[in-house]
Amino acid sequence: MTDQIPTSKNDDGWQISRRGFLQGSAGTVAAATAGPALNFFTAASAQAQQPAEAAGKWMASTCQGCTSWCPVQVKVVDGRAVHLRGNPLAKANHGKICPRPHLALQQVYDPDRVRQPMKRTNPEKGRGKDPGFVPISWDEAMDMLADRIMELRNDGEPEKFALFRGRYTYLRDILYSAVPKIIGSPNNISHSAICAEAEKFGPYYVEGLWDYRDYDLEHTRYVLCWGADPVSSNRQVPHAINFWGNMRDNATVAVVDPRLSATAAKADEWLPVIPGEDGALAVAMAHVILAEGAWNKTFVGDFVDGENRFVPGQTVDEPQPSVAAEGAERTEGIVAGDAPTSRTSASVFNEIHTHGVVQWWNLELKDRTPEWAAERTGIPAEQIRRVALGFAAAGSRAISWLSPGASMQARGGYSAMATHALNGLVGSIDAKGGVVAKVKDPTGSVPDMAPYQDELAASHSKYDKIDQRGTLAFPSLNGGKSGGGVVTNAAADGMLAKSPNEIKVAIAYWSNFGFSTSGSYRWEQALSELPFFVHLTTNASEMSMFADLVLPAAHQLFEKWGYIKGKQNLHSYVSLNQRVIDPLWDVKQDETEVPFMLAEKLAERGFDNLYRYYTEGFADPETGAAPTNGEEFTEYALKMLTRGCWDSTHEDYGKYGDRLEGWEDFKEKGVWNSHRYEYGKRVDNFATQTGKVEFYSETLKTALRGHAERHDTTVDGVLEATNYVGRGELAFVPHFEPALRHGDEVEYPFVFFEHRSRLNREGRSANCTWYQAHKNVDPGDENWSDVLKMNPIDADALGLDDGDMVRITSTTGTITAQLKRWEGLRPGTVAKCYGQGHWAYGRVAAANFAEHVPLGGNNNEILYPEFERLSGSTARHGGPSRVKVERV
Amino acid sequence: MPVNAEDRSNAFLALARAYDLPGTWPEDIGQLLRKGFASWNDELAGAAEAVAALGECPDSRTRIAQAHSKLFIDPFRILSPPWAAYYLDPEKRLLGPVSQYAAEAYVEAGLAPGSRQTEPPDHIAHELEFMYYLAFREAESDDPVWLERSARFWHEHLGRWLPRLAASVAENTEEDYYARLAELTLAFSQAVDAALDGQTRQADLADG
């Protein structure tokens, strides 16, 4: 028996079969036949009828519950995913996982998932407006989308299309790059700038690395965390958890964090810095290290006569003529493209693997005493001195671990530089027991799209982007280039201002910017005004409420093919996302199947460029076959881009690590491991302008001058436009910048800051009961609640008790939460975990789902939409908003 | 009241389609419902007629689709979850033991998921279609196993939650089609209880 194929529409056709059976079948009526008319079943094959394998099978995939991206294995029993563990073949996380993968089980089987394509029937958009979604077929949905895109092209305005990307696998460019470029839009906007771009800014302008770092926990002797909470969140959590115990036997741990985090609770030193003052602390530590002569002299160098001239309050005499003075003049006069100048005279200081330590001292550090920093940071001078010297005493086996908390601040670019530069002072960059980088992997790139861009696409895809990158106020200096990075959160402002142009059609995938961005109300407004919006997502969310089409996406861990690249434990790795279970719902793979269907629809309408790109540019590397459908396309693309891992005929096969024995072997094992990192290979070959670790950043100088020149202004003009207060040569060294806050201190007496949960799968756990039921694993938090943590001294002053409902008001909004008296933060500050406050994410996530009443409050409703503009980042940390707290 | 296998088969088929996505209905859903319940008692035939009349009106199809979405699909608020697990599993786990019960029953009856099975196996439309299939086989075969399977699946599973689903639909919908369908479902559930109870006893006696 098989599904009935309808052949007749006449009444008698379906009415009665030979024994009087009705034969109603899908879509229309069926002819009378011998078998039953089944929509949902088919005859089981003999194989399918075999008794289920009671013990189940472990199948490899990847967890993307945080940015560690750990290789995992899923136990599948009778087609159902029931358990997870780390992939024992992965050298990165060595078979270990954190709690997050387990929560993925509740995500994939969440009844509040989007189960099939839905279209909006209520044209009125806004919070609380019922979209009136009705289910439609994928075919109809893709027809609607293709029609809208063709309208833009036919009207000669393809730049009015935008694609917003949240999380991704490395099949991302198939959708994220190819669709906008071949259609003809510049507007592919990633989430990166609400994630951690400012964190990458520091290492880039110190050592030329725009990336996260890896850490040699096995050999380190000192770990200094800046807002980082490695045993709980961000980054390499399973590896950190597993190594932390042994590491603590050999190393000292100090944690700079306004909150007593999970890591701080187990540390030797907790430095509860006033939010946003991390930079002051970092430069004071640098001051101590230099003033006390504790820097690594084999890495940085030394004064030629061995006498330490880093005397507090005193400038180190520089040789004549003064290069610094010359540099200052150039700064004011915009001289772009100068060759890097040696900033340190060999006659005074013989600098070895670094550049500009004397200039850093003279320009910034000489007055940054611990006593000065104590007043700004709230940290006692003695503790600053003790930690700085302990850190330096570990020499190259010390880690200054920078995180978003200390960098995603309004003036956090220089904090990021300062905290990372500490690694330079002790020589731990690229060193055993220190801070290292990734090992190369053999993955490839998607084929060139240019041949498939017609004239319209080629010209319009070069238009300015909607996220304002490269404008005077948003240098976004990724890679040293003006406008080289993304300014995710400014895209909402661009859309509202229709600048540089209107956006008429947009797709967002694996994202929820209507919730996850500071000043999220701007996104609600922008999405309300967006004429046609498609949300491609596993779960309906706040962003879906504004969609014209909601398309169900496959879950990354269980239902989707893809691959990721990561690094932990001194190994890089390539890990496969695999479809280990048959999807429950009518979901498609967002990065491959959906764009392939769209390409087919566009081709039907006479624009076949995207379809040709997919079918001509991609082929099965083993057979040469071109893809004929989305599933084949997915597999072929994945095989192509990872070929160096498993195909012995590939030029990079075995060059950087594992030699997997073919595609099936890769799927079975799930992970490719690199060789172990080799220390010291990058020394004097860093990707900075000097090849050195730059305390005086020639690399940043060139970047800032380039941006200034583009806008016909000075570097000081750029600093002013980007909210920085430093001027002159300070622009090129890590330096102190005061925290930027919104709200009058009298009216809004508390500095509000937020933190992350060890259970949150990148902000997507709120509809999991396990998240809510175990929320108190985050120190200070309570199960099934959203608490505002306040020091008891402040709570007493306000007469507030545990459990009181309080209203938290900033200059941008008001939310409510439950008060929690907690000693784990200093008086004058209040803190709340990010993640609660969903009004449209499911029944568990909301207090009253039907009425869109959130459980707790979304921090982004009270966080001012501030930026760290040099990197383009959202400044969600550092206490950008002051608040007042009142009993409800 | 006639309760033969063909009658049950036809009624379950009509009901399965009536709970399915409106966009996938046979063009003449009304006729399917009328004929599906024509051999049952007047109450059921009358209830089916009411549902049929509402369902076959083309003008109301969009409204019914919206109501279906609100009841069974809308990710923002499913009013009447369409899975057995919601009613029978204390923890309401999708693909837990309750879903597995249905999946195992399908396998035992020789069925595998078809192309349109994009829901957990204990979805209402799937289970109703399964009952249709069992009755269809029962009518075509002398093997008593098909009746036994029908009775067991009904008494141990579908019969325990179908009335609760119908009550939920009746309580939550503002759409006449689903209100009448809920009435039909409740009445039909009672009739099936009686029919399968009697049939099972007859089979037991015959075996004895």
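The values are calculated or read from the model by the stated rules, or taken from the named source; none is laboratory data. Please read these numbers as outputs of a predicted model, since none were measured by experiment. A quick note on method: Cβ atoms are made from the backbone with ideal geometry, for glycine too, and the neighbour counts reach across all protein chains shown.
Report, ordered by the first and then the second residue, all pairs with beta carbons closer than 8 Å, sequence separation of six or more or different chains, a first member in the range A:654-677 that is β-branched (Val, Ile, Thr), and a second member that is in a strand (DSSP E or B).
Qualifying pairs under 8 Å: A:VAL671/A:ALA60; A:VAL671/A:PRO71; A:VAL671/A:TYR573; A:VAL671/A:VAL574; A:VAL671/A:SER575; A:VAL671/A:LEU576.
Would you point out the residue of the range A:531-541, among those that are within 12 Å of another protein chain (Cβ to nearest Cβ) and under 20 Å from the mean Cα position of the chain (by Cα), that is modelled with the lowest pLDDT?
A:ASN539
Here is a yes/no grid of residues against (1) under 29 Å from A:THR377 (Cβ atoms); (2) in the same structural domain as A:TRP69 (by TED's automatic domain parsing); (3) surrounded by 23 or more Cβ atoms within 10 Å (Cβ to Cβ):
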site: A:GLY726; (1), (2), (3): yes, no, no
site: A:HIS755; (1), (2), (3): yes, no, yes
site: A:ALA766; (1), (2), (3): no, no, yes
site: A:TRP784; (1), (2), (3): no, no, no
site: A:TRP822; (1), (2), (3): yes, no, no
site: A:GLY828; (1), (2), (3): yes, no, no
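Please give the helices (runs of 4 or more DSSP H) falling wholly within the range B:39-109 in which 1 or more residues are without any contact (Cβ under 8 Å) to a residue 60 or more places away in the chain and within 20 Å of A:PRO117 (Cβ to Cβ).
B:61-68
In the range A:827-842, is there at least one residue being within 14 Å of chain B (Cβ to nearest Cβ), touching a residue at least 40 places away in the same chain (Cβ under 8 Å) and more than 24 Å from A:TYR864 (Cβ to Cβ)?
Start the filter on the range A:827-842 by keeping residues that are within 14 Å of chain B (Cβ to nearest Cβ), which leaves A:838-842.
From what is left, the residues that are touching a residue at least 40 places away in the same chain (Cβ under 8 Å) are A:838-842.
Okay, now just the ones that are also more than 24 Å from A:TYR864 (Cβ to Cβ), so A:842.
Yes; the residues of the range A:827-842 include at least one that is within 14 Å of chain B (Cβ to nearest Cβ), touching a residue at least 40 places away in the same chain (Cβ under 8 Å) and more than 24 Å from A:TYR864 (Cβ to Cβ).
Among (1) more than 30 Å from A:ASP78 (Cβ to Cβ); (2) at pLDDT below 90; (3) crowded, with 21+ Cβ neighbours inside 10 Å, which single condition is B:ASP74 missing?
Failing condition for B:ASP74: (1).
Tell me the residue from A:SER528, A:SER544, A:SER520 that is more than 14 Å from chain B (Cβ to nearest Cβ), buried (at least 24 other Cβ atoms within 10 Å of the Cβ) and touching a residue at least 40 places away in the same chain (Cβ under 8 Å), please.
Matching residue, one of A:SER528, A:SER544, A:SER520: A:SER520.
Across the range B:12-28, what is the number of residues that are more than 9 Å from chain A (Cβ to nearest Cβ) and either hydrophobic (A, V, I, L, M, F, W, C) or over 14 Å from B:GLU129 (Cβ atoms) (or both)?
Total satisfying the criteria: 3.
Return only the number of the condition from (1) touching a residue at least 60 places away in the same chain (Cβ under 8 Å); (2) assigned to a helix (DSSP H, G or I) that A:ALA240 does not satisfy.
The number of the failed condition is (1).
Can you give me the ranges of the helices (runs of 4 or more DSSP H) entirely in the range A:670-782 with at least 3 residues that are of a type outside the set (Ser, Thr, Tyr) and more than 30 Å from A:LEU89 (Cα to Cα)?
A:698-710, A:715-721
For residues that are of a type in the set (Asp, Glu) and closer than 16 Å to A:GLY856 by Cα, tally how many sit in the range A:742-777.
Qualifying residue count for the region: 1.
Tell me which residues, restricted to the range A:99-143, are buried (at least 22 other Cβ atoms within 10 Å of the Cβ), more than 9 Å from chain B (Cβ to nearest Cβ) and either over 25 Å from the mean Cα position of the chain (by Cα) or assigned to a strand (DSSP E or B) (or both).
Result: A:PRO117, A:ARG120, A:ALA141, A:MET142.
Out of the range A:183-226, which residues are farther than 21 Å from A:THR354 by Cα, of a type in the set (D, E, K, R) and surrounded by 24 or more Cβ atoms within 10 Å (Cβ to Cβ)?
A:GLU197
For every residue, the table says whether it meets (1) touching a Leu at 6+ places or on another chain (Cβ under 7 Å); (2) at pLDDT below 95; (3) assigned to a strand (DSSP E or B); (4) within 19 Å of A:ARG682 (Cα to Cα).
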position	(1), (2), (3), (4)
A:ILE174	no, no, no, no
A:PRO180	yes, no, no, no
A:PHE201	yes, no, no, yes
A:VAL206	no, no, no, yes
A:TRP210	no, no, no, yes
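I'd like the residue in the range A:279-297 that is outside any helix (DSSP H, G or I) and of a type in the set (Gly, Ala, Ser) and, out of all such residues, is farthest from A:PRO404 (Cα to Cα).
A:GLY293
Could you grab me the full set of residues in the range B:107-116 that are at the interface with another protein chain (Cβ under 7 Å from one of its Cβ atoms) and either among the acidic types (Asp, Glu) or surrounded by 23 or more Cβ atoms within 10 Å (Cβ to Cβ) (or both)?
Once the filter is applied, which keeps residues that are at the interface with another protein chain (Cβ under 7 Å from one of its Cβ atoms) and either among the acidic types (Asp, Glu) or surrounded by 23 or more Cβ atoms within 10 Å (Cβ to Cβ) (or both), the range B:107-116 yields only B:LEU111.
Only residues in the range A:700-719 that are farther than 12 Å from A:PHE474 by Cα count as the first member; pair them with residues that are at pLDDT below 95, Cβ under 6 angstrom, at least 6 apart or cross-chain, and list the lot.
A:ARG705/A:ALA336; A:GLY706/A:ALA336; A:GLU709/A:ILE334; A:GLU709/A:ALA336; A:THR714/A:GLU332; A:THR714/A:ILE334; A:VAL715/A:THR331
If you take the residues of the range B:117-163 that are of a type in the set (Phe, Trp, Tyr) and over 26 Å from A:TRP585 (Cβ atoms), which of them is nearest to the other protein chains (Cβ to nearest Cβ)?
Checking each candidate, the answer is B:PHE136.
Considering each of A:GLN314, A:GLN320 in turn, give the residue that is of a type outside the set (A, V, I, L, M), assigned to a loop (DSSP other than H, G, I, E, B), modelled with pLDDT under 95 and on the phi < 0 side of the Ramachandran plot. Can you show your working first?
Details: A:GLN314 fails: modelled with pLDDT under 95.
Going through A:GLN314, A:GLN320 in turn, the sole match is A:GLN320.
Taking A:SER61 as the residue in question, decide whether it is of a type outside the set (Asp, Glu) and within 11 Å of chain B (Cβ to nearest Cβ).
no
Inside the range B:57-77, can you point out the residues that are more than 7 Å from every other protein chain (Cβ to nearest Cβ) and out of contact with any Leu (no Cβ under 7 Å at 6 or more places or on another chain)?
Passing the criteria: B:CYS57, B:PRO58, B:ASP59, B:ARG61, B:THR62, B:ARG63, B:ILE64, B:ALA67, B:PHE72.
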